[in-house]
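Scroll down for the structure; my scribbles are underneath it.
The values are calculated or read from the model by the stated rules, or taken from the named source; none is laboratory data. Not measured: the values here are computed from a predicted model. Virtual Cβ from ideal backbone geometry, glycine too; neighbours counted across all protein chains shown.
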Amino acid sequence: MRDFPIPVVPFGPGSQPEEEEAEFLPMPSAMETFSMPSHHLEADPQTLASVCGLLQQLHTLMGEVGSQDPVRPRIELAEVAPQVQALINQSLGHGEVSILVREPVAFRIQESIFAGIWRVQELSTGGEVVRDFIEAGGIPQVVPQSAEFAASFSAQPIPLPSGIMNSPAVLNELLDRSRNFSVGQATHVLNLSLLPMSPEDLDYLAQSLGAGSVTVLSRGYGNCRITSTGLRHVWWVQYFNSMDQIILNTLEVTDVPEVAQAAAEDYADSIERLGEWLAVMFAEDKEEDPA
């Protein structure tokens, strides 16, 4: 995997309302897109065969389940030879979504150029990789599990400061929606960009909701940062322009915001494209070793 583009930063969307004080995630300047394999994938025949075998196994499993199926296709890589891992990394590439999970166990997650195929690495307290696998699905299962683990159905008791306008009403609505949310329910969105919100309102909401355990950076629909909060099922979703300024600021009550997930049609497309990728690679392998 390439260097992960999201640093671990303190939670606080909206808590730094002045532009000159705001600190957000740095946005990647480039993104890899899908292309069919070519001869640049140089490797010895045994390594290439191992990679194709593992990805063929993943492709078969993906064809048996849907993107939201609770049983996720998973290929463990911890015991795979380093040269095989390196070629897998080169083959899968670097996609649109990057994720950091902090609690109860740290994970570093990167979507591949095949939407819905994720590289997932569990990290020790010292930052060393202790588990490494590929998982296929709308979003890795550890993401909603970790977000729920680190959240509760109550908000932090924060005294109301002067300058407050609408944040208490927004918070009450979020508390109600959080308690009554069930998985599969339609997402409830509060668009803070369209509400009269003072800097004090945004700061009050950030402190009341508290920090969550998951940070997501998605570049599928522009630059978008998604952070879980300390209130269960509530996520802060922020879209940025090319100058890294917030252009849309929302709070969503959902399992995981859709912008972070691979859509079912994208998942199906990845199955098809991965099959084409494997067909080319197996054909090249046969040309090199006709025996």
For residues that are among the hydrophobic types (A, V, I, L, M, F, W, C), part of a loop (DSSP other than H, G, I, E, B) and at pLDDT 90 or above, tally how many sit in region 66-86. 3
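For every residue, the table says whether it meets (1) of a type outside the set (A, V, I, L, M, F, W, C); (2) farther than 24 Å from residue 256 by Cβ.
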| residue | (1), (2) |
| --- | --- |
| 68 | yes, no |
| 83 | yes, yes |
| 89 | yes, yes |
| 99 | no, no |
| 102 | yes, no |
| 113 | no, no |
| 116 | yes, no |
Only one of (1) in contact with a Leu (Cβ under 9 Å, 6 or more places away or on another chain); (2) not basic (Lys, Arg); (3) not in a loop (DSSP other than H, G, I, E, B) does not apply to residue 244, and that is (3)
As an exercise: evaluate residue 133 against (1) at pLDDT 95 or above; (2) more than 30 Å from residue 275 (Cα to Cα); (3) touching an Asp or Glu at 6+ places or on another chain (Cβ under 9 Å) and give the number of the one condition it does not meet. (2)
Going by the conditions given, is residue 88 more than 30 Å from residue 210 (Cβ to Cβ) and in contact with a strand residue (DSSP E or B) (Cβ under 7 Å, 6 or more places away or on another chain)? no
Could you check region 176-232 and list, in sequence order, the residues that are surrounded by fewer than 18 Cβ atoms within 10 Å (Cβ to Cβ) and among the aromatic types (Phe, Trp, Tyr)? 221
Within region 90-100, residues more than 12 Å from residue 140 (Cα to Cα) and not in a loop (DSSP other than H, G, I, E, B) come out as 90, 91, 92
Report, by residue number, each residue of region 101-124 that is in a loop (DSSP other than H, G, I, E, B), surrounded by fewer than 24 Cβ atoms within 10 Å (Cβ to Cβ) and either of a type in the set (A, V, I, L, M) or touching an Asp or Glu at 6+ places or on another chain (Cβ under 7 Å) (or both). 105, 113
Could you name every one of the helices (runs of 4 or more DSSP H) located completely within region 125-214 that has at least 2 residues being within 20 Å of the chain's Cα centre (by Cα) and hydrophobic (A, V, I, L, M, F, W, C)? 142-149
So is residue 283 surrounded by fewer than 20 Cβ atoms within 10 Å (Cβ to Cβ) and either at pLDDT 95 or above or assigned to a helix (DSSP H, G or I) (or both) or not? yes
For region 146-175, the count of residues that are out of contact with any helix residue (DSSP H, G or I) (no Cβ under 9 Å at 6 or more places or on another chain) and surrounded by 14 or more Cβ atoms within 10 Å (Cβ to Cβ) equals 7
Restricting region 33-65 to residues that are modelled with pLDDT of 80 or more and part of a loop (DSSP other than H, G, I, E, B), which is nearest to residue 131 (Cα to Cα)? 65
Of (1) in the same structural domain as residue 66 (by TED's automatic domain parsing); (2) modelled with pLDDT under 95, residue 272 fails just (2)
